[in-house]
Each structure stands twice: as C-alpha cells, then as structure tokens.
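Below: the structure, in structure tokens.
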Amino acid sequence: MAFPTLIGQPQAVELLQAAIAVNRIAPAYLFAGPDGVGRSLAARYFIELLFTSGVPRLQQTVQKRLQQGNHPDLLWVEPTYLHQGERLTAADAAAKGVKRKAPPQIRIEQIREITQFLGRTPLEAQRLVVVIDRAETMAESAANSLLKTLEEPGKATLILIAPSQVSLLPTLISRCQRIPFYRLNRDAMAQVLAMIGQEEILAQESLLALAQGSPGEALVILEQFKAIPPDLLSQVQQPPKSLRQALEVAKLIDSSLDTEAQLWLVDYLQHIYWQQQRQQRLVKELEKARQYLLAYVQPRLVWEGTLLKMVMGDCFTY
C-alpha cells in the first residue's frame with residue numbers, strides 16, 4: 001500500500017497513484033484542502049514513490065531519510081518568523097520560547113533558496129522535489145518570484161500545500177495540477193484518532209465540532225485549549241457584560257497569548273458564542289478581530305475594540 005495511513009482521501013490517492021503508474025508527473029501540484037486532513041502526509045508518501053519508482057530496493061533507505069528530513073533531493077519549506085534577523089519555523093520559535101507577535105509567512109528569501117536548490121541536478125533521485133507548506137502565507141512579492149520558477153522548474157516537481165485555490169494567486173494556480181483533500185466524516189475521524197492514540201478527543205464534543213472533520217485540527221485545538229490559562233478561559237466563556245470587564249479581558253488576552261493562540265481563540269469564541277446565543281453580530285465582530293490580527297494590528301487594541309463593541313453594540317465604533 002503506497003499510502004498506508006492516509007485515511008479518508010480516496011480521490012487524492014487515486015490521482016497520485018495514477019500519475020506514478022503512467023509516469024506522467026506534473027511539474028507542480030496544489031494539494032488543496034483544510035488543515036489537518038492529510039495533505040502533508042500524502043505529500044510525504046508521494047515523494048517516497050517519486051524517489052523509489054523503478055528502484056524498490058531503495059524504499060527503506062528513502063523512508064528513513066525522509067523521516068529524518070535529510071534527503072538531498074528534497075527541500076521542504078515552511079512559513080517562518082523573523083526574530084533578531086533569524087528565520088524561525090513555528091517549531092523553532094516554540095523551542096526557543098520566542099513570543100510571536102505576527103503570523104509566520106513564506107518569505108521572498110525562501111523563494112530565492114528554492115531557485116538555488118532547483119539550479120542543481122539531483123544527487124540520488126531522478127528528480128528534485130520542493131514542498132511549500134502553507135503556501136497561502138506567501139506575500140505577493142514572494143508569489144511573483146515563485147511564478148518565474150514554476151515557468152521553468154527543470155527536472156523537478158513542486159508541491160504547494162494550501163487550503164484552497166482562492167488562497168493563492170490565479171497565475172500560480174494555473175501552473176499546478178490540483179489534488180483535492182476533504183474533511184473527514186466521524187468514522188474516519190475516529191479511525192485516525194485511534195491510530196495515533198488520541199481517542200479521548202472524541203468525548204470532547206465542543207472541541208470535536210470545532211475541528212470540523214480535521215484530525216490534525218482536533219489535536220491542535222486540544223493542545224491550545226489546555227494551554228490557555230484557566231482564569232482567562234473562565235472569563236471568556238461568556239461575552240463581557242461591562243466596559244470594565246471588556247478592557248480587563250482584552251489586557252489578559254494580550255498578556256497571556258501570542259498571536260497564533262489569539263487566532264485560535266477567535267475560532268473557539270465564535271463557536272461557543274454561536275452555540276450559546278445564536279447572534280451573528282458576535283460572530284462578525286470576532287471575524288473582524290481575526291482580520292485585524294492577520295493585518296498585524298496591535299493585539300490589545302484589537303481585543304479592546306472587539307469586546308467593547310460586544311458590550312455597547314452599534315454605539316461604539318473603532
């Protein structure tokens with residue numbers, strides 16, 4: 001089985017296996033679908049097939065090198081934070097305890113590194129492979145730079161991983177073969193979570209509903225939920241009732257959570273407030289907060305404006 005632990009994505013598996021079977025590999029692919037449903041896992045299995053096609057005896061060696069992340073013909077690019085002139089992935093930032101004030105992004109320097117990587121010949125495999133994870137985080141300058149690479153990729157295959165086609169420039173999409181990924185039903189969710197020993201999440205109905213058919217998102221949600229300070233969690237279970245409470249909660253959110261955690265909190269509050277009150281106004285105010293946070297507006301101001309608007313309604317503008 002070429003994709004042994006990829007659950008609930010039969011169309012993606014069929015398309016990728018067919019490409020290998022007839023040896024018609026596209027210069028670029030777009031793995032499009034929600035986070036946490038197996039896009040990165042599928043990319044790893046597909047790369048393994050690309051690197052071992054026609055040479056089965058290399059399978060174990062290739063598997064090991066891919067797991068260790070040191071295959072010379074693979075470049076896996078992730079969004080980064082810029083901290084004191086150094087680019088850090090999310091894992092690097094967490095390991096160093098760096099407080100993240102803005103979401104990570106694919107930077108133009110990383111696109112230049114891709115161009116340099118593709119400028120050489122493969123060392124072990126028949127082709128070079130570049131994976132751009134969370135490609136939707138590319139700034140327009142980086143995307144335009146990548147476009148030039150996609151026009152003449154050479155003996156290489158690029159895999160872009162993104163939520164949807166609309167999250168990328170149309171000029172990029174036109175040069176990629178789309179591989180669709182979908183949210184899982186409850187049975188498939190249970191199968192995946194049991195496979196990784198996380199069945200306990202199935203008992204958390206509110207968190208499971210928030211995951212919306214994404215096992216990976218379910219794990220992130222559970223981790224984020226446990227990481228929120230209990231005093232903050234207790235205060236945000238209901239919308240603020242007074243101006244003072246709104247300002248106090250905004251200050252607590254800003255001092256307790258980095259931007260990534262605040263973006264998750266927006267999702268969580270949208271869900272629980274809608275379940276409690278069914279008021280579109282609250283959901284819309286939180287959606288505005290998300291857009292402001294993504295636009296790098298000062299987080300405390302964002303939360304003060306959002307929570308004050310919840311208390312005062314249309315009487316308050318920001």
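The values are calculated or read from the model by the stated rules, or taken from the named source; none is laboratory data. Keep in mind that this is a model prediction, so the values were computed, not measured. Please note: Cβ atoms are built from the backbone with ideal geometry, for glycine as well, and neighbour counts cover all protein chains shown.
Things to note:
- Hey, Arg178 surrounded by fewer than 20 Cβ atoms within 10 Å (Cβ to Cβ) and assigned to a strand (DSSP E or B) or not: yes
- For Val22, the requirement of being out of contact with any Cys (no Cβ under 9 Å at 6 or more places or on another chain), farther than 17 Å from Ala135 by Cβ, among the β-branched types (Val, Ile, Thr) and at pLDDT 95 or above is not met.
- Residue selection: Lys148 satisfies the criterion of being basic (Lys, Arg) and either assigned by TED's automatic domain parsing to the domain that holds Leu294 or at pLDDT below 85 (or both).
- Being in a helix (DSSP H, G or I), under 23 Å from Gln105 (Cβ atoms) and touching a Ser or Thr at 6+ places or on another chain (Cβ under 6 Å) is not true of Ala261.
- Residue list for region 204-218, filter: hydrophobic (A, V, I, L, M, F, W, C) and surrounded by fewer than 18 Cβ atoms within 10 Å (Cβ to Cβ): Ala209
- Count of region 132-143 residues which are surrounded by fewer than 23 Cβ atoms within 10 Å (Cβ to Cβ) and in contact (Cβ under 8 Å) with a residue 40 or more places away in the chain: 3
- From the options Leu146, Leu169, Leu128, residue that is without any contact (Cβ under 8 Å) to a residue 40 or more places away in the chain, touching an Asp or Glu at 6+ places or on another chain (Cβ under 8 Å) and among the aliphatic types (A, V, I, L, M): Leu169
- Within region 87-110, no residue that is touching a residue at least 40 places away in the same chain (Cβ under 8 Å) and assigned by TED's automatic domain parsing to the domain that holds Asn144 sits with its Cβ atom under 7 Å from a residue that is of a type in the set (Val, Ile, Thr) and in a loop (DSSP other than H, G, I, E, B) at 6+ positions apart or across chains.
- In region 211-257, the qualifying residues are those that are part of a loop (DSSP other than H, G, I, E, B) and small (Gly, Ala, Ser), and the one that is nearest to the chain's Cα centre (by Cα) is Ser214.
- Residue within region 225-246 that is crowded, with 19+ Cβ neighbours inside 10 Å and among the small types (Gly, Ala, Ser) present: yes
- Within region 155-195, restricting attention to residues that are of a type in the set (Val, Ile, Thr) and in contact with a helix residue (DSSP H, G or I) (Cβ under 8 Å, 6 or more places away or on another chain), the residue that is nearest to Asp133 (Cα to Cα) is Ile161.
- Some residue of region 161-175 being at pLDDT 95 or above, in the same structural domain as Ser40 (by TED's automatic domain parsing) and of a type in the set (Val, Ile, Thr): yes
- Count of region 240-283 residues which are in contact with a Leu (Cβ under 8 Å, 6 or more places away or on another chain), under 14 Å from Leu210 (Cα atoms) and among the hydrophobic types (A, V, I, L, M, F, W, C): 5
- Single residue of region 114-135 satisfying the filter (of a type in the set (Val, Ile, Thr) and closer than 24 Å to Thr80 by Cα) that is farthest from the chain's Cα centre (by Cα): Thr115
- Taking the criterion of being over 19 Å from the mean Cα position of the chain (by Cα) and either surrounded by 15 or more Cβ atoms within 10 Å (Cβ to Cβ) or among the basic types (Lys, Arg) (or both), the residues of region 144-160 that qualify are Asn144, Ser145, Leu146, Leu147, Lys148, Thr149, Leu150, Pro153, Lys155, Ala156, Thr157.
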